[in-house]
Amino acid sequence: MFKSFKQWQVAMITTVSVTGVIIGLNFTGIFQKLELMSLDSFFRLRPVEKPDPRIVIVAITEKDINNLGHYPINDTELTELLNKIKAQNPRVIGLDIVRNLPVEPGYQDLIKVFQSTPNLIGIEKALGNKVNPPPILAEKDQIAMSDFVTDLDQKIRRGLIVVKFPDQTMKSSLGSFLALFYLEKEGIFLEPIDQEKQIYRLNKALFKPFQSNDGGYIQADGRGYQILLNYRGGTCQHKPKNCPFTVVSLTDVLEDKIPSNLMRDRLVLIGVFAESVADLFSTPYTVDSWTTFAGVEIHAHLASQMISEAKDGRKGVKTLSEWIEIFWLITWSGLGGISGFIVVKKPWIFSLIFVLNVSLILISYYLFILGWWLPVTLPLIGLNFNTIAMVIAMLIYHLCQSYLQLEDYAHNLEKKVSERTKQLLLAQEKTEKLILSILPYQIAQRLKDHTQVIADQFENVTILFADIVGFTALSSRLSPQELVYLLNQFFTQFDQLTVKYSLEKIKTIGDAYMVVGGLPISREDHAVAIAKMALEMQEKIKIFDTSLKEPINIRIGINTGTVVAGVIGLKKFNYDLWGDAVNIASRMESSGEAGKIQVTAHTYEYLKDEFILEKRGIIKVKGKGEMLTYWLRGKKQKTKG
């Protein structure tokens, strides 16, 4: 395998393969839990933010329930609580307590408070096991959802803004409803930027809906309009000093133990902190039962996030596109591959891998502080797995290279002998091809067998002579290069015809061409084959007539008879023909006419059944006297049927 690859190719294949496998595994969701755990760690490591002064939480604690002696609080107690809160003129009140049924005594008084408090927002559970809202508040459209979106590990990392139900009704979550209500009093409203992509502006904030593959999520439930929650800090239940909101107890409010203007123009949330009520949830800050969040706290964080982003320009938790996240992974995977490549050659640089791991974590954490969540676990896996895979691949590569070098050394002599043998065979093959380009195959074989004199008589062969008419005048206007080029074009076409009709080219003399049929292997159709070639030679010459833009004609003479064929010469072999039949064929060409094929009466007898021949008559032939000749016009059409 490694023999056909260079070192850089092995390195590239290794990195691409390992990274591809990691990307494929990531799409199965196998790394999602690790990625979310990394996100949780970043939240817990992040510096504590200043408390949001705009939000006050009225908490019903375990101590409050013990003081009252019962839960839920009855309608009289809730009425008193709401009246005391109303007296401080808050901007909006969120009641995160289920109140779908009366809890006597005091229900009628509670209804009056509901009717007279336009800034009071109640809750309903609209998803899963539904719980109806307070009827009076529902009639006044002062209802929001208390539902949360949980991940597979039951942690809440995303906040619901609004949900569209099958009946086309839209319902907001409590946190978003309260935030928008609060901001409307300052003239801040949601403005659609791109309704198709559901992008909205809220003063300084720009909201984009959560997608199922954002950040480290893989195929998460993205239904409804969700955003990633940017918690301000941990829970307020057991760590009041680090609480991101102002929290007062039910008892403190009822007994007037709070400042008289604490809730003025603020967003007030009423909810349960008591563990016995079981309204507790896990968040990125949750590591044990003491760090769980009350539901009302999560609503407060969502409301605070929307308000602070809109008014203060606070950063949310944003993600980049999937392609950028893949590029992020590929970058660190590539660095891992490079590290492994270097470590094999310089092991002392092994500390580079540690530096890269720390750098990746610090860069990811810094980006998170700036409001960007980029996957960290997946790049760490890509970085380290590629490093390990590259080290293994390079060690195997070098081991294979060493083995191949030893193998090459062991077979070096055998290879040289083999190469020398191939060179000799190649030289012999070239020699044979050269001889075959000069002599017929059968003659060349006899020459190889050291036959002293090669001379044979053939009783019936047909000889063709062809001459290009007017070529002498044409050649006087051409340069030597153009002349040779043109002749080569002519004779190449004719050579192809000899191969096509299995004829034997004898030689060329100037612009004359000589070919014979019926030797060195006798054949009965020698005259027919020569006639076919002659007719096709006339067709080929027309192509050059067009390309040269001046008339070019060929004059052809054919004769059939007995010849002697043999090889002459010592250094430059030449296979040639002698005999009266050869001379007559030459005379047929020289006494012919341009563009015509002249054949003897002897050849006529061989052709008359298949070809159209026109009697020329008696002509005088030098050295032979008068002879009857014919013009070969073409091939007869076969009669159908």
* **Filter result (open to solvent by 70 Å² or more (accessible area, probe 1.4 Å) and closer than 13 Å to Gly557 by Cβ) within segment 603-623** => Arg616, Lys622
* Of everything in segment 102-130 that's open to solvent by less than 30 Å² (accessible area, probe 1.4 Å) and out of contact with any strand residue (DSSP E or B) (no Cβ under 8 Å at 6 or more places or on another chain), which residue is farthest from Leu267 (Cα to Cα)? -> Gly106
* Only one of Lys208, Lys257 is open to solvent by 30 Å² or more (accessible area, probe 1.4 Å) and either within 21 Å of Leu160 (Cβ to Cβ) or β-branched (Val, Ile, Thr) (or both); which? -> Lys208
* Asked: Does Gly295 fit the bill of being open to solvent by less than 10 Å² (accessible area, probe 1.4 Å), out of contact with any Phe, Trp or Tyr (no Cβ under 9 Å at 6 or more places or on another chain) and within 22 Å of Asp252 (Cα to Cα)?
  -> no
* Structure fact -> Residue hits (segment 77-101; of a type in the set (S, T, N, Q), open to solvent by 60 Å² or more (accessible area, probe 1.4 Å) and assigned to a loop (DSSP other than H, G, I, E, B)) are Asn89
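Yes/no per residue for (1) under 25 Å from Thr79 (Cα atoms); (2) at pLDDT below 95; (3) hydrophobic (A, V, I, L, M, F, W, C):
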position: Pro166; (1), (2), (3): no, yes, no
position: Phe177; (1), (2), (3): yes, no, yes
position: Phe181; (1), (2), (3): yes, no, yes
position: Gln198; (1), (2), (3): no, yes, no
position: Ser212; (1), (2), (3): no, yes, no
position: Thr235; (1), (2), (3): no, yes, no
position: Asn242; (1), (2), (3): no, yes, no
position: Arg266; (1), (2), (3): yes, no, no
* Within segment 587-640, can you find the residues that are charged (D, E, K, R), touching a residue at least 40 places away in the same chain (Cβ under 8 Å) and part of a strand (DSSP E or B)? -> Lys635
* Give me the pairs, please: first residue somewhere in segment 353-365 and under 16 Å from Met37 (Cα atoms), second residue anywhere and open to solvent by 60 Å² or more (accessible area, probe 1.4 Å), beta-carbon distance under 8 Å, and either six or more positions apart or on two chains. => Tyr365/Leu45
* **Residues of segment 499-531 that turn out to be buried (at least 18 other Cβ atoms within 10 Å of the Cβ), in a helix (DSSP H, G or I) and among the β-branched types (Val, Ile, Thr), as a count** => 2
* Asked: Where residues in segment 228-251 are open to solvent by 10 Å² or more (accessible area, probe 1.4 Å) and within 46 Å of the chain's Cα centre (by Cα), which of them is nearest to Ser173 (Cα to Cα)?
  -> Leu228
* To do: Within segment 393-408, identify whether any single residue is touching an Asp or Glu at 6+ places or on another chain (Cβ under 8 Å), of a type in the set (Val, Ile, Thr) and either open to solvent by 20 Å² or more (accessible area, probe 1.4 Å) or within 24 Å of Trp323 (Cβ to Cβ) (or both), and answer yes or no.
  => no
* **Single unsatisfied condition, Val599 versus (1) touching a strand residue (DSSP E or B) at 6+ places or on another chain (Cβ under 8 Å); (2) surrounded by fewer than 21 Cβ atoms within 10 Å (Cβ to Cβ); (3) modelled with pLDDT of 90 or more** => (2)
* Quick check: anything in segment 309-319 outside any loop (DSSP other than H, G, I, E, B), within 19 Å of Tyr182 (Cα to Cα) and open to solvent by less than 10 Å² (accessible area, probe 1.4 Å)? -> yes
* Sole residue being open to solvent by 40 Å² or more (accessible area, probe 1.4 Å), at negative phi and in contact (Cβ under 8 Å) with a residue 12 or more places away in the chain, chosen from Gln493, Gln481 -> Gln493
* Asked: Counting only residues that are part of a loop (DSSP other than H, G, I, E, B) and of a type in the set (Asp, Glu), which one in segment 47-76 is most open to solvent (accessible area, probe 1.4 Å)?
  -> Glu49
* Positions within segment 137-175 being surrounded by fewer than 17 Cβ atoms within 10 Å (Cβ to Cβ) and either in contact with an Asp or Glu (Cβ under 8 Å, 6 or more places away or on another chain) or of a type in the set (Val, Ile, Thr) (or both), in sequence order -> Ala138, Thr150, Thr169
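The values are calculated or read from the model by the stated rules, or taken from the named source; none is laboratory data. Keep in mind that this is a model prediction, so the values were computed, not measured. Because the Cβ atoms are built from the backbone with ideal geometry, glycine has one as well, and the counts that use them run over all protein chains shown. Only protein heavy atoms, including side chains, enter the accessible area calculation; ligands, DNA and RNA are left aside. Shrake-Rupley method; radii C 1.70, N 1.55, O 1.52, S 1.80 Å.
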